[in-house]
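Accompanying notes for the structure given below.
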Amino acid sequence: MDACLGSELAGVVRKSRVFVVGTGGIGCELAKNLVLTGFQDIVMIDLDTIEVSNLNRQFLFRKYHVGRPKVQVAREALLQFNPQARITAIHDSVFK
């Protein structure tokens, strides 16, 4: 990562904490890109569960995930990209 961002910016990225609201189509893509860019402290919140209609646009989810919380499945999938990442999954509403 240092080669792409430079050591100073890569260090800032590694130490930053990011809050992602929603793990739907855009949220999954954003979270994946954050993990692959080097962000290691990510908090995600989403109240929704996976439905069959989600599978064509949310690439982290598979048919056997239907009925499970999106945020928990997204966390599991993202840890496959970087097992050392600290990803917190909150299955709740951001409006509480």
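What follows is calculated from the coordinates using simple rules that are stated; it is not laboratory data. Computed from a predicted structure; not experimentally measured. Reconstructed Cβ throughout: ideal geometry from the backbone, glycine too, with neighbour counts over all protein chains shown.
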Practice problem: Answer with one residue from Thr37, His65, Asn54: the one whose Cα lies farthest towards the positive end of the charge dipole of the chain, charges on Cβ with Lys, Arg +1 and Asp, Glu -1. | Solution: His65
Practice problem: Would you mind working out the magnitude of the charge dipole of region 7-96 relative to its Cα centre, with +1 at each Lys and Arg C-beta and -1 at each Asp and Glu C-beta, to the nearest 20 Debye? | Solution: 140
Quiz prompt | In degrees, nearest ten, helix 25-37 long axis to first principal axis of the chain (Cα) | solution = 30
Quiz item: For Rg and Dmax of the Cα atoms in Å, the choices are (1) 19.1, 71; (2) 22.9, 73; (3) 13.8, 43; which was calculated from the structure?
Solution: (3)
Self-check item: 10 Å Cβ shell holding at most 14 others, DSSP loop, chymotrypsin sites (Phe, Trp or Tyr not before Pro): longest site-free stretch of the chain
Solution: 1-58
Quiz item: Under a straight-distance cross-link criterion of Cα-Cα below 13 Å, which aspartates and glutamates are reachable from Lys15, leaving out those fewer than 8 residues away in the same chain?
Solution: Asp41
Practice problem: Would you calculate, for the chain, the mean residue ellipticity at 222 nm contributed by helices, counting each DSSP H stretch of 4 or more residues as -39,500 (n - 2.57) and dividing by all residues, to the nearest 500? | Solution: -11500 deg cm²/dmol
Exercise. Under 16 Å Cα to Cα from Lys70, which lysines show up? Leave out anything in the same chain fewer than 8 places away.
Key: Lys32
Quiz item: Which percent, nearest 5, of DSSP beta bridges in the chain are antiparallel?
Solution: 10
Quiz item: Mind checking the angle between helix 70-81 and the chain's longest principal axis? C-alpha axes, 0 to 90 degrees, to the nearest 10.
Solution: 40
